[in-house]
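What follows is one structure encoded as structure tokens, with my remarks underneath.
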Amino acid sequence: MDKLIFIVDDEPSILKLLTHWVRNQWHYTVKTFENGQECLDSLDDHPDLILLDIMLPDIHGNEVLKRIKQYNENLPVIMLSAQGSIEVALDSIRQGAFDYFPKPIDKNRLEPAIKNAIQNYDLHRRVNQLTEDLQSEYSFDNIISGDRKMQDVFKLVSKVLNNDITVLINGESGTGKELVARAIHYNGIRKDKPFVVVNCASIPRELLESELFGHEKGSFTGAHQRKIGKFEVANGGTLFLDEIGEMEMSLQAKILRVIQQKEFERVGGNEEIKTDVRIISATNRDLKQAVDDKEFREDLYYRLSSFPITIPPLRERRGDIVLLVEHFLEVFNKKLGRSIKGIGKSTLKQLYDYDWPGNVRELENTLERCMILTDTNLIMPDSLPPQIKESEGNQSIPANAQLFTDEAPVVPIEKLKEEAVKHALKVTNGNIVDAAKKLKVGRATFYRMMEKYKMESKKD
Ligand SMILES: Nc1ncnc2c1ncn2[C@@H]1O[C@H](COP(=O)(O)OP(=O)(O)OP(=O)(O)O)[C@@H](O)[C@H]1O
Ligand SMILES: [Mg+2]
């Protein structure tokens, strides 16, 4: 926790005293300056806090403050001043100073103020970092595909980033509908505002309405207090209505109204609440068919589907399997702390022949499971679940996939030892003395190994 503090004051005695406290007693790293310009010239050293005198020989403290804030608005500055004028103090606070100390400086109050300011700044930086991570997590680079049909999807997506058009994403379960919706949000003009998901299939009808619009206290049994709905939470951002095809007709009418009028009422309330959200919805149903079957409102359907994007199922882009396998191997190697190199050719063939009704999600889960089950650095067909291991087809696999060799798997030594003990016991009919002799180890060692691998001998 080596934090750097700038102290700026033209009075040597004060500079000395402050340095003594901050460096020697509170153990921060300190740099001192006798005027404002030198401090401004050193901002690239990335101080974590600045203690700034207001009366400086060259530039007025509040002007220095202003320029620091232009450089980095989150960097905390604590002002110090001899003249106890409340006006000047207020002025600096208005300009973004973290705190203000009249001289003589109250040491007992300064220490916690410094600590607070630095903690605050750390928190700011962490939140910024997280936001950046989140945005890069949903960048297009993380949507893996080399397929022509998917490139068309990306082209469509790029057309809706900088506008608010209502998007309907269609695709079978696990094809990446939510991933695409997030990519639209986090690469679009609303990226700094919330992305809010509502799954219309997993919430019962009565609750879904209040989930979306909120409710007033006492509006129904159990409504003990006012609740803000997702349309309010998402204000300024994007509302992702997942599984929209499962929404009831009566609720569909209300959604239509919000889209058209950009306002709604909470359940049990009569105040009109304005909302500015971009709506992206997704479904694995054929919504047009649902309209024909009178299960989905036609007017809402046309509203939602002004810009439809359809994600093809994995079996229609099998070439992506090899890319996704590489991608997920990397992801899960990191997550599981493994260093699995790849999958055998025969395993890849099985993956190509399978039809993947659960699409990319199923492939992702399958690979994670295989990697957990595999002791070697190569995934072989025996770790595949039965329905995939037994799938038959005539798909050809890419010949040049480098990761996929059928070389003999490398087995960890412990595994070999276990096999050796098991085998020795088998050929000696469970006779420990003979088995130990065959392996050329002492009897005690052999016992320890048996215990370790939880084996039992045939007692005679
Ligand atoms: N092209 C892709 N590249 C990398 N990962 C993908 C891709 N498509 C999907 N995934 C991953 O597959 C999983 C399922 O994706 P997602 O949840 O977006 O699908 P979905 O269509 O919303 O599924 P469901 O209908 O089941 O809700 C996620 O973990 C996602 O990260
Ligand atoms: Mg989904």
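Brief remarks follow.
One line per residue, one yes/no per condition, for (1) farther than 30 Å from SER305 by Cβ; (2) touching a helix residue (DSSP H, G or I) at 6+ places or on another chain (Cβ under 6 Å); (3) away from ligand 2 (no atom under 16 Å from the Cβ):
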residue: GLN70; (1), (2), (3): yes, no, yes
residue: SER85; (1), (2), (3): yes, no, yes
residue: PRO104; (1), (2), (3): yes, no, yes
residue: LEU134; (1), (2), (3): no, no, yes
residue: GLY174; (1), (2), (3): no, yes, no
residue: ALA181; (1), (2), (3): no, no, no
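- Selection over segment 362-394 of residues that are in a helix (DSSP H, G or I) and exposed (fewer than 15 other Cβ atoms within 10 Å of the Cβ) gives a count of 8.
- Considering only residues in segment 89-139 that are of a type in the set (Asp, Glu) and part of a helix (DSSP H, G or I), the one that is modelled with the lowest pLDDT turns out to be GLU137.
- Top-ranked residue of segment 171-186 - restricted to ones that are farther than 14 Å from GLY236 by Cα and in a helix (DSSP H, G or I), ranked as farthest from ligand 1 (Cβ to nearest atom): ILE184
- Among the candidates ASN170, ASN163, ASN128, the residue that is within 14 Å of ligand 2 (Cβ to nearest atom) and more than 30 Å from SER81 (Cβ to Cβ) is uniquely ASN170.
- Residue check, LEU323 modelled with pLDDT under 95 and either closer than 14 Å to GLY174 by Cα or in a helix (DSSP H, G or I) (or both): yes
- Looking across segment 140-161, the residues that are within 9 Å of ligand 1 (Cβ to nearest atom) and not in a loop (DSSP other than H, G, I, E, B) come down to ASN142, MET150.
- Meets criteria (of a type in the set (D, E, K, R), more than 21 Å from VAL233 (Cα to Cα) and either more than 11 Å from ligand 1 (Cβ to nearest atom) or in contact (Cβ under 8 Å) with a residue 24 or more places away in the chain (or both)) for ASP164: no
Matching residues to (1) at pLDDT 95 or above; (2) assigned by TED's automatic domain parsing to the domain that holds THR374:
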position: LYS254; (1), (2): no, no
position: THR283; (1), (2): yes, no
position: TYR301; (1), (2): yes, no
position: SER339; (1), (2): no, yes
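- Within the option set VAL421, VAL427, VAL433, being modelled with pLDDT of 85 or more, surrounded by 14 or more Cβ atoms within 10 Å (Cβ to Cβ) and not assigned by TED's automatic domain parsing to the domain that holds VAL322 holds for one residue only, VAL421.
- Condition met for ASN74 (at pLDDT below 95 and within 17 Å of ASN120 (Cα to Cα)): yes
- Test: GLU330 is in contact (Cβ under 8 Å) with a residue 24 or more places away in the chain, assigned to a helix (DSSP H, G or I) and not assigned by TED's automatic domain parsing to the domain that holds GLY146: no
Residue-wise test of (1) among the small types (Gly, Ala, Ser); (2) crowded, with 20+ Cβ neighbours inside 10 Å; (3) without any contact (Cβ under 8 Å) to a residue 40 or more places away in the chain.
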| residue | (1), (2), (3) |
| --- | --- |
| ILE228 | no, no, yes |
| THR238 | no, yes, no |
| GLU243 | no, no, no |
| LEU256 | no, no, no |
| ILE259 | no, no, no |
| PHE307 | no, no, no |
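- Enumeration of residues in segment 222-249 that are away from ligand 2 (no atom under 16 Å from the Cβ), closer than 24 Å to GLN289 by Cβ and assigned to a loop (DSSP other than H, G, I, E, B): GLU248
- Within segment 187-221, the set of residues being surrounded by fewer than 18 Cβ atoms within 10 Å (Cβ to Cβ), outside any loop (DSSP other than H, G, I, E, B) and away from ligand 2 (no atom under 16 Å from the Cβ) comprises ARG205, GLU206, LEU207.
- Any hit, segment 225-245, residues being more than 28 Å from PRO357 (Cα to Cα), within 16 Å of ligand 1 (Cβ to nearest atom) and within 30 Å of the chain's Cα centre (by Cα): yes
The values are calculated or read from the model by the stated rules, or taken from the named source; none is laboratory data. A quick note: this is a predicted structure, and the numbers were derived from the prediction, not measured. Cβ: placed from backbone, ideal geometry, glycine included. Neighbour counts: every protein chain shown.
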